[in-house]
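The values are calculated or read from the model by the stated rules, or taken from the named source; none is laboratory data. This one's a predicted model, so the numbers in the text were calculated from it and none came from an experiment. So basically every Cβ, Gly included, is an ideal-geometry build from the backbone, and we count neighbours across all protein chains shown. The area values use the complete protein model at the heavy-atom level, side chains included, leaving out ligands, DNA and RNA. Shrake-Rupley method; radii C 1.70, N 1.55, O 1.52, S 1.80 Å.
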Amino acid sequence: MRILFVAPRFHTNQVPLVEALLAGGHQVQFHVERVRPSEDHSLVTPRVIPGDPAVAGWQRPLTRGGSEWTPDVLSYRRVLKEFAPDAVVVREPTRPLSLVAALAARSLGAPVVFYTQSPVHDQRTVARDLLRGTLLTLFGAEWISPVQGNPDLDPVHPHYHYLPFACPLAGSGKSHWFSGDRINLLSIGKFYPRKNHLLLLEALARLREEFNVHLTIVGECSNEPQRHYLAQVREAVARHGLADSVDIRLNLPYRQVLQTYEEHDLFVLPSHDEPAAVSLLEAMARGLPVLCSDTNGTACYVEVKGNGAVFTDNDATDLYEKLRTLLASRTQLQAFGRRSLELVRERHEPAIIRDRLLEVIDCRRGRALQPAPTVALLDRTPDTN
């Protein structure tokens, strides 16, 4: 099968799925608005689509986001016809390039699958129902998201499907724990305020009074707002007297970031209102217990008291308390790490996610699709002895 992905860029969260598709004998192309230096193009080289400023001018008021340069439907239709895709997966259908791609695919008779990071199980509103229904009907599409939402609620639409991120297991788990006879925490995130590095440093200052703990912060810093916020983070490290307890690593290549997980014992994602962080899953695939806020879309990947914890968003006290409970037992941390591996094996293996995507595509072709299993957060009481 020939599958085309259309997105603003080739995000690293799509690499495992693309690799699984290629391993299964499928052809894959990526059409993008731009490329970033940190991207991994070893599997697929994205094709940057040139644009027409006149077309972008009349499209921009009708859409949210998008690039300044957007192709017209007829020229882009010729691009699609060259590849002759059997299915087109379109990221954020309200972006100009995405709308053009969906229109071109529809005109060629290729099934369209929309991909966003909105919850599949969520409270419904009239406005959102109208937008989703219009797009699904207009393009005869299916819709996927890696964010489950609240499994106690119904899906927001019958053609809206939960498709978790894919992530391969990195070996059989961690072989070495607690390097330096301390608990090594890792946090990954671009240097923006909503990533909540300052909140984590506040909690670390309290934890250091009780535990031998060290924090590594890995993040991108490539523009002035990020440099400004990084300066605030460094100032907070100094203010809390954490110079010996915090290591900041900037602008690491993707493969080096993946290696960094293996040096640590607990992954912490303190960010606020995170749409769908794949770093949480990458940590789990390397046998790390995990902690994130309840506004992270992929918090549903965490089995509470099974492989980690979820804290109340922006609540410094709750973050501290959840970390304190996790750090209280090194034995339990290791058990949580083993459970992380089990969860990835059961729910996120790339071949599983690939086959599920192919089922969604077949559904658009008129075949029956079995409902995806929902994930309930288990309340397992940790052994802190």
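Worth pointing out:
- The set of residues in region 326-366 that are modelled with pLDDT of 95 or more and outside any helix (DSSP H, G or I) comprises ALA328, SER329, HIS348, GLU349.
- Meets criteria (acidic (Asp, Glu), under 23 Å from ILE361 (Cα atoms) and at pLDDT below 95) for GLU92: yes
- Of all residues making up region 114-158, the number that are open to solvent by 20 Å² or more (accessible area, probe 1.4 Å), assigned to a loop (DSSP other than H, G, I, E, B) and free of Cβ contacts under 8 Å to residues at least 40 places away in the same chain: 11
- Restricting attention to region 182-207, the residues being assigned to a helix (DSSP H, G or I) and either among the aliphatic types (A, V, I, L, M) or over 23 Å from the mean Cα position of the chain (by Cα) (or both) number 10.
- Test: residue in region 222-244 that is touching a Lys or Arg at 6+ places or on another chain (Cβ under 6 Å) and open to solvent by less than 20 Å² (accessible area, probe 1.4 Å): no
- Count of residues meeting criterion [over 30 Å from LEU153 (Cβ atoms), open to solvent by less than 10 Å² (accessible area, probe 1.4 Å) and in contact with a Lys or Arg (Cβ under 8 Å, 6 or more places away or on another chain)] in region 104-113: 1
- Filtering region 214-240 to residues that are outside any helix (DSSP H, G or I) and more than 27 Å from the chain's Cα centre (by Cα) leaves only HIS240.
- In region 75-90, the residues that are assigned to a helix (DSSP H, G or I) and under 29 Å from the mean Cα position of the chain (by Cα): TYR76, VAL79, LEU80, PHE83
- Any hit, region 85-97, residues being under 18 Å from GLN14 (Cα atoms), touching a strand residue (DSSP E or B) at 6+ places or on another chain (Cβ under 7 Å) and charged (D, E, K, R): yes
- Only a single criterion out of (1) surrounded by 16 or more Cβ atoms within 10 Å (Cβ to Cβ); (2) in contact with a Lys or Arg (Cβ under 6 Å, 6 or more places away or on another chain); (3) under 26 Å from GLU33 (Cβ atoms) is not satisfied by GLU92, namely (2).
- Within region 294-309, the set of residues being without any contact (Cβ under 8 Å) to a residue 40 or more places away in the chain and either aliphatic (A, V, I, L, M) or part of a helix (DSSP H, G or I) (or both) comprises ALA299, ALA309.
- Of all residues in region 224-243, those that are closer than 25 Å to PHE211 by Cβ have Cβ atoms under 8 Å from Cβ atoms of residues that are β-branched (Val, Ile, Thr) and open to solvent by less than 80 Å² (accessible area, probe 1.4 Å), 6 or more apart or on another chain, in VAL233/ILE217; VAL233/ILE248; ARG234/ILE248; VAL237/VAL246; VAL237/ILE248; ALA243/VAL237.
- Hits in region 277-292 - residues which are within 23 Å of TYR320 (Cβ to Cβ) and either of a type in the set (Gly, Ala, Ser) or in contact (Cβ under 8 Å) with a residue 40 or more places away in the chain (or both): ALA277, SER279, ALA283, MET284, LEU288, PRO289, VAL290
- Test for VAL302: is it β-branched (Val, Ile, Thr) and either open to solvent by 10 Å² or more (accessible area, probe 1.4 Å) or at pLDDT below 95 (or both): no
- Complete set of residues in region 254-274 that are out of contact with any strand residue (DSSP E or B) (no Cβ under 8 Å at 6 or more places or on another chain) and either buried (at least 22 other Cβ atoms within 10 Å of the Cβ) or outside any loop (DSSP other than H, G, I, E, B) (or both): TYR254, ARG255, GLN256, LEU258, GLN259
- Residue check: SER175 meets all listed conditions (1) closer than 23 Å to GLU342 by Cβ; (2) surrounded by 13 or more Cβ atoms within 10 Å (Cβ to Cβ) but one, namely (2).
- Qualifying residue in region 19-39 (condition: among the hydroxyl-bearing types (Ser, Thr, Tyr), part of a strand (DSSP E or B) and either modelled with pLDDT under 95 or open to solvent by less than 20 Å² (accessible area, probe 1.4 Å) (or both)): no
Results for (1) over 22 Å from ILE353 (Cα atoms); (2) hydrophobic (A, V, I, L, M, F, W, C); (3) not in a helix (DSSP H, G or I), shown as yes or no for each residue.
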| residue | (1), (2), (3) |
| --- | --- |
| LEU252 | yes, yes, yes |
| ALA276 | no, yes, yes |
| ASP318 | yes, no, no |
| ARG324 | yes, no, no |
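- Pair list, Cβ < 9 Å and 6+ apart or interchain, from region 314-339 residues that are in contact (Cβ under 8 Å) with a residue 60 or more places away in the chain to residues that are among the polar types (S, T, N, Q) and crowded, with 17+ Cβ neighbours inside 10 Å: ASN314/ASN196; ASN314/SER293; LEU319/ASN196; LEU319/SER293; LEU326/GLN332; GLY337/ASN307; ARG338/ASN307
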